[in-house]
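Remarks on the structure that follows.
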Amino acid sequence: MNTVNKSIQWLHKFTGLTIGVFFIMWFVTGIVLLYHSYPRVTSTDRNKYMEQLIKKELPAVYDVPGLADTIAVQTLAVNRKFGETIWTISGVSRKKETPMDISPNIDGEFVICEDTLKTPKALTDWILDSIAGEWAASTNIIKVDTLYKRTQWIMYERYEKSLPILRYYFDNDDKSEVFISQKTGEVLQTTTLSQRIWSWVGAIPHKLYIPALRKDVKRWENVLLVGGLFCLVAALSGMYMGIYYLVVNKRKHQKFGSPFKKNVWRYHHIGGLIFGVFLIAWGISGSLAMQRVPKWLVNYEGDYFVSSSKLWGKKPLQLGDYHLDYHDLFNRYNDIKSISWEHFGNIPAYLIVTGTEEIYVDASCEGAVTPLNLSKEVVEQAVARYFGKDTHFSITLMENYDEYYLSRPGGYPLPVWKVDIDNADGSRMYISPTDGYVKYLNRNRMAKKWLFSATHYLGIKYFVLHETIRHICLWLLSIGCVFVCITGLGIYISKKSDL
C-alpha cells in the first residue's frame, strides 16, 4: 500500500472513530423524527383558542378613532382578547395634531372606549392562569416558574422579546407544560410528557437543540456544518478504500469480492460498498442543512429570498379601496375570530380567521363576499413590478405538485401560478391565487433541493406523495448505514488487521 492509500486509510480511521457514534445517533434519531417532531405552537393552535368577534360591537371602520383620512394606515386588524375587542393599528398622521388621546404616531393595540382609543386592560395573574389552563385543558396548576432567559423548550431567538416567560406545570394525564409571555399573554410553547420524552430521543439530539449551543445561531450552524463534513470525509475515504480493496483482490485472485476473512471486516467492507453512497449523500446533505450551496458551485446574482411582502409591495393601506364593508363578512362566515386588512398589489383583501381556518376574501367589490382568487393579470403585474418591466417570463396555472413545489397532500395550496423568469439566476416563483403565498427559487436553491432535501429525507415527489414507501426506504437505508457504522467501530475496537 503506497503512501497516498495509507494516508486515506488513516483519514478514514480517524474520522470514522471521531464521528461514528454521532453518525449512528443521527440515523436512529432521524427515524424517531419521522413520527415525533419537536413541539411547537402552530397558527392552527392559536386560531383554535382565539375568542369570537361580536359583530354588534364593531363600528364602521371610519368611526374607529385615528382611522380618519388624516391617518396613513400601515397595518390594521381586529380580534378579541381577554373579553375585549382589540384593534391593532400602526400608522402615521398626516397632520401634526390629531383629536385623540394618543400620540399622532399610532402603533400598538387599542380598545375603543367612548370614541377614543385606550390601551387594553393590564394582564393579571388570573388572566394568565386562565389562558394556560385553557391550553392545557386543566386547572390543576402545580407550580409556575418565571423564566428570564431561554431554556430547552423556548430556545429560539425570537423569544427574547417575549421575556420574562411564565412556565406553567399542570397535574393532568399529559403532564402538560405551557409557556406564556408575561408581557403579552401570548402562548409561546406547549409540551406534554410524551412530547418531551420523544424530543429527547429524537429532535433534540438529531438537530443539536441544546440551549447553550442553539442560542448562538451562527455557532450552532457551524457545528452542524463541521459535523456533516466529518461524516462526508469518513464516508468518502471509506468508499475509496472499499473500492481499493476490491481492486487489490481482483489483481491477486482474479475475481471481484471482499478480500477479508473475518466476518466483521467482510461485513463492513461489503456494507460500506452498498450503503456508502447513501452515507456520502447524508454527509453532504447534513453539512448543507443550515447552509446555502456555495456560490462557487452554483452562482446567483439577485435575491436569495423573495417574500410575499416584497412581491406584493409594502405601501400603506388605502381604506377607501376596501369597497366590501368588513361587517358583510359575517353574512357568510359565522364564527369569525379575527379580521386583518391586507392587500396584494392593488387588490385589497381581508384575512379572516374562522374556526381554525385562515381565509382571504376579496375586498374590491361592494357586497360580494368571495374568497380571494388572484388572476393571471394581477400576478403578471406583480412579477413585472418586482423584476422589471423588460423582464421576460412565462406563467402557467399548475394543478399538481412538481419537484420544486412539493408537500404532502393538503400542504402547499393548489392550484398555483408557476412563473419562470428569464434571468441570469433562472428564477422561478410559485404564487398561490388564494392567499398570495410566494415560494421563490433560483438555480442555487434548486440545487439545494437535490443536495439536501432530496437526499436527507427523500424529499422527492414520488416519495413525498407515497409516505409509506418513503418511510420503508428510510428505515432500510438507516438500518444499513447503522450496520456499517457499528461494524466499523467493531473493527477499531478489536485492533487487529485482517490482511
Identify, by number, the condition in (1) crowded, with 17+ Cβ neighbours inside 10 Å; (2) under 29 Å from the mean Cα position of the chain (by Cα); (3) modelled with pLDDT of 90 or more that Ile89 doesn't meet.
(3)
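When you go through Lys13, Lys56 one by one, which is the residue that is over 30 Å from Tyr245 (Cβ atoms), of a type in the set (Lys, Arg) and either without any contact (Cβ under 8 Å) to a residue 12 or more places away in the chain or open to solvent by 60 Å² or more (accessible area, probe 1.4 Å) (or both)?
Working: Lys13 fails: over 30 Å from Tyr245 (Cβ atoms).
Of the residues listed, the single one that is over 30 Å from Tyr245 (Cβ atoms), of a type in the set (Lys, Arg) and either without any contact (Cβ under 8 Å) to a residue 12 or more places away in the chain or open to solvent by 60 Å² or more (accessible area, probe 1.4 Å) (or both) is Lys56.
Could you tell me which of the residues Val369, Val379 is open to solvent by less than 30 Å² (accessible area, probe 1.4 Å), touching a helix residue (DSSP H, G or I) at 6+ places or on another chain (Cβ under 7 Å) and in contact (Cβ under 8 Å) with a residue 12 or more places away in the chain? Outline the logic, then answer.
Values: Val379 fails: touching a helix residue (DSSP H, G or I) at 6+ places or on another chain (Cβ under 7 Å).
The conditions single out Val369.
With the requirement that a residue be assigned to a strand (DSSP E or B) and not β-branched (Val, Ile, Thr), what does region 345-384 give you?
Matches in region 345-384: Pro348, Ala349, Tyr350, Leu351, Glu357, Glu358, Tyr360, Asp362, Pro371.
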Within region 256-272, identify whether any single residue is touching a helix residue (DSSP H, G or I) at 6+ places or on another chain (Cβ under 7 Å), closer than 30 Å to Gly488 by Cα and without any contact (Cβ under 8 Å) to a residue 12 or more places away in the chain, and answer yes or no.
yes
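Could you please find all residues in region 426-445 being of a type outside the set (S, T, N, Q), on the phi < 0 side of the Ramachandran plot and either part of a strand (DSSP E or B) or open to solvent by 10 Å² or more (accessible area, probe 1.4 Å) (or both)? Write out each step before concluding.
If we filter region 426-445 for residues that are of a type outside the set (S, T, N, Q), which is where we start, we get 426, 428-431, 433, 435-441, 443, 445.
The next check asks that each one be on the phi < 0 side of the Ramachandran plot; those that pass are 428-431, 433, 435, 437-441, 443, 445.
Correct list: Arg428, Met429, Tyr430, Ile431, Asp435, Tyr437, Val438, Lys439, Tyr440, Leu441, Arg443, Arg445.
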Restricting attention to region 382-417, and to residues there that are closer than 14 Å to Trp312 by Cα and open to solvent by less than 60 Å² (accessible area, probe 1.4 Å), which single residue is farthest from the chain's Cα centre (by Cα)?
Gly388
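Against the condition open to solvent by less than 30 Å² (accessible area, probe 1.4 Å) and closer than 24 Å to Trp475 by Cα, how does Gly227 come out, does it pass? Break it down into steps so the answer makes sense when it comes.
Working: open to solvent by less than 30 Å² (accessible area, probe 1.4 Å): yes; closer than 24 Å to Trp475 by Cα: yes.
For Gly227, the condition - open to solvent by less than 30 Å² (accessible area, probe 1.4 Å) and closer than 24 Å to Trp475 by Cα - is met.
The values are calculated or read from the model by the stated rules, or taken from the named source; none is laboratory data. What you see is a predicted model; the values in this text were computed from it and never measured. Neighbour counts are summed over all protein chains in view; Cβ atoms, including those assigned to glycine, are modelled from backbone coordinates with ideal geometry. SASA here: full protein model, heavy atoms, side chains in, ligands and nucleic acids out. Shrake-Rupley method; radii C 1.70, N 1.55, O 1.52, S 1.80 Å.
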